[in-house]
Every structure is written in C-alpha cells, then in structure tokens.
Amino acid sequence: MASHAAKEPAPTSNGPAAGDAQPPLGPDSGLSSIPTQYIQEQSLRQMLKNIGYDEAREDNYRLKGVQLIDSVRQSLKLPVKTFDTAATYYHKFRIRFPSAEYNYEDVALASLFVACKVEDTIKKSREILCAAHNLKQPHDHKTPDDKIFESPSRFTVGLERHILETIGFDFRVQYPQKLLIKMVRKLYSKANTGSDSAEQHFLRLAYDMSIDLYKTFAPIKHSTFTIVLAIVELTALLTDTSTEAIKEFGPTRWHSDRGCVLEAMLDLLDLYTQFAKSTKVGTQIELDKLMAVKIDVNKAMSKDRHNRYYGWCERCVQEPPETLTGTPGSATSPGTNNSISGTVKRTGKATETLRFVFDAEKARRERDLVALYHNDEEEEYEVEVEEPIRESESRHPSRSAHPHRSHGHGHGNNDHGWAPYRSGRQGHHSDRPKGRNKSHGYY
C-alpha cells in the first residue's frame, strides 16, 4: 500500500498537499478570479485616497464626464442602457486612476465607445469623437471622416483596452429603468387613482432621477432593486405622494436592506442640494423642499439605527496620502495632449498586459510553459587553474639583470641612462652633472 502511494503523481495545483500544514508560497500564476460587482462606501473612499483624490475637483470632473456621456448618447440616439453601461465603466476607471494621468473627457468618450460594443449598439470611435466635438463647438461642424479625429481615434482605441483590463472584463451592469417602469405601473395599479397624468408625472420625474443617479457612486455600490426602491420612495416624498403603497415593496422581498435604500436616497439628495444645476431633477424641485425631505430621511435613518453608509467601520479609517496635482491633457485638443500616439499610461502594481484565462487546466499548462523561460537554473563547478608565481624583484639586482648598465669607470664612463655625446666633442668628466658617474641603483 505504501509503494502504491509513492507512485501517485504530484498534484498540479499550487496549493498545499493533503496533510501539509504549510500554506502555499504565493498565488497560482494561472488563477482566475471574478471581480466584485459592488464596492462599499468605505472601500470606495480608500481607493480614492490611494490615488490622491481631490474632492472638489474630482466631483466636478465626475459630473462633467457623466453629462458628456449623456449628451453624446442623445446626439447619437443611443438607448439608455448604453448610457448606464458607459457611466458604470467611467466610474470604475476613475476610482483607480487620478485625473492627472487621464483627462475626464477622454475617459468618458472611451467608456461610451466600449459600452457601444458591449450593448451591441456599435458606433465608430470617429463618430463618438465627432459628436462630442460638434456639441462642444457647434459653430465648427465636422464630419467623422475629418483628419482632425485620426490621432484622438487611435488614443480612444488604446484607452478602450485599458478600460477592459481595469474592469476585469466584468460586463455586469444593472439597468434600473426597465424595472422602474414596471414598479411604478404596479404601484399605481394598487393605488387605483385612475389619473394617467399623475402617473406620467411621477414616472417622468423618477426616470430623470434614474439618470441623475449615475452622477453618483450609487450604481457601483447597490443592486438594481435597491436603486429602484430608493428612486420610487424619494420621488413619492418629493411629489407628496402617499407612501403607504410603497411600503408593501419591502426591501427584504427584493433582496435588499433598508439601510442601503436610505443611503441611496441620501446620495441623491446630496447631489441635488450641492449640484442642483448639473442635474435634471434638481432644477425642478425647490431647495427648501429638498432640504425638508433630507431632514426627514436622516431622522428615519437615526430612528432605525442605520449608519449613513452601509458596513462602515470607524477603526478601518486611514489617513489620506498627499493629493496629486496636475492638469490633464485632452485627446480632442491635440495642443494640450502629449499622448495621442495611441498608447496609454500605465500605473499600478503590474505594468505588463493582463490576460484573463477562464479555463483552470489551460492556465496550469500556460504556467508550466512560461516557467521554462523564467526559471533560472544555475550549476556550480570548480576549475583548478595553475598560475605561475612571479618572483619578487630584489632591491639590488645583479649585473645580469642589467646588462647595459655599468659601475661607473669600468666601461669608458658611459652611462646608458643618458644619451651619448656627439662624435668629435672633447669632453671631460667635469662636463657631466655631478653624481652621474654612478649608474642607477648604486648610490
């Protein structure tokens, strides 16, 4: 039995064997992991601190980027699901890279370009760039075939690949508009009001609120049911509609939590009270009404003993690093952009191109194949080499070592250390410098 166990092949995984208490040295190089679809507020803030988040500046860029996506989407007559997908990718990219590296306009247009492919509403990068240019400069109307869009188009294509790597090829995005329409119709069917105008007004306001919601981080923090419940309840509070029928849509029945619904409502109210002019609903409702509803929601949250943010932990709060400064360039304005050659900047832990392999067996084969080229095998060996020992020169070498040197008067008083005199010169010993009668080494 022991001999049979000794012949069993070794496991192909990188994990510890059965009975081995030691943990593995590192993760499997071919391990595939599924990224998280939702990010809590505390984790979100920590990610923003890691990139040097400037709240005032980044909030402005976030609102402008989502507004640009919505404007270009309407100009190209794209469905609202493309807007939802593009805004989600835009947020996921910007929480990992600071604005000093990428201009918000470039990221917004590239996110819309990726969303068009994901949602099967194909648009060329030139068409998206041309629509953005015509919206920004209506007096200078361009066509997608214009040469001015060649360099920005290459940059957008390069940024597209970077966005795909950032989101981890996770294309899961919620579309609250479809569920919102069904819930509003069901709500008014239970109310039996018989007024189509009230239902249309309620639905129109709630639909605009679903667009404004993507100007916050709520879509990457909460599920679709949580978002829809928050929109319906907040719309009812703003329009003074009875909330008795809404209470029947309990959060637990929709796989949600009451604290998450209140958090999404407060996110929207913060948006409307601080950036009312950048939203659709904020300009339709008076500020006093918004503040009154916000106070009521805060009271309900305190009464139910919910935290402002779901899952918040005070002990996990860390000090923020230094804020990065810099003015980003723009691919649509080549004069301010230094990266229009089609390549993108890379930051983070890994600088190589990421590959996502979903077959575990294929990942193991690739790992073993790559290891052949990266494992350094060294072999130590000793070689005996005989080296001759050089004899040290003596302080007073013999005559044989200096055959051309004399002892002074023995060989015509010629010192080869000096050039001989010319022929015909009648010299005397006193003509030479003193002490030169002695040869080198004999003093």
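The values are calculated or read from the model by the stated rules, or taken from the named source; none is laboratory data. Since this is a predicted model, take the numbers as computed values, not measurements. Neighbour counts are summed over all protein chains in view; Cβ atoms, including those assigned to glycine, are modelled from backbone coordinates with ideal geometry. Areas reflect the complete protein model, heavy atoms only, side chains present, ligands, DNA and RNA absent. Shrake-Rupley method; radii C 1.70, N 1.55, O 1.52, S 1.80 Å.
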- Task: For segment 205-224, indicate whether the set of residues that are modelled with pLDDT under 90, open to solvent by 20 Å² or more (accessible area, probe 1.4 Å), under 25 Å from Ser189 (Cα atoms) and over 27 Å from the mean Cα position of the chain (by Cα) is non-empty.
- Result: no
By residue number, the members of segment 74-93 that are surrounded by 24 or more Cβ atoms within 10 Å (Cβ to Cβ), free of Cβ contacts under 8 Å to residues at least 60 places away in the same chain and not hydroxyl-bearing (Ser, Thr, Tyr) are Ala86
Inside segment 243-289, the number of residues satisfying the requirement of being polar (S, T, N, Q), assigned to a helix (DSSP H, G or I) and surrounded by fewer than 16 Cβ atoms within 10 Å (Cβ to Cβ) is 3
Those residues of segment 142-194 which are open to solvent by 20 Å² or more (accessible area, probe 1.4 Å), touching a Pro at 6+ places or on another chain (Cβ under 9 Å) and in a helix (DSSP H, G or I) amount to Ile148, Ser151
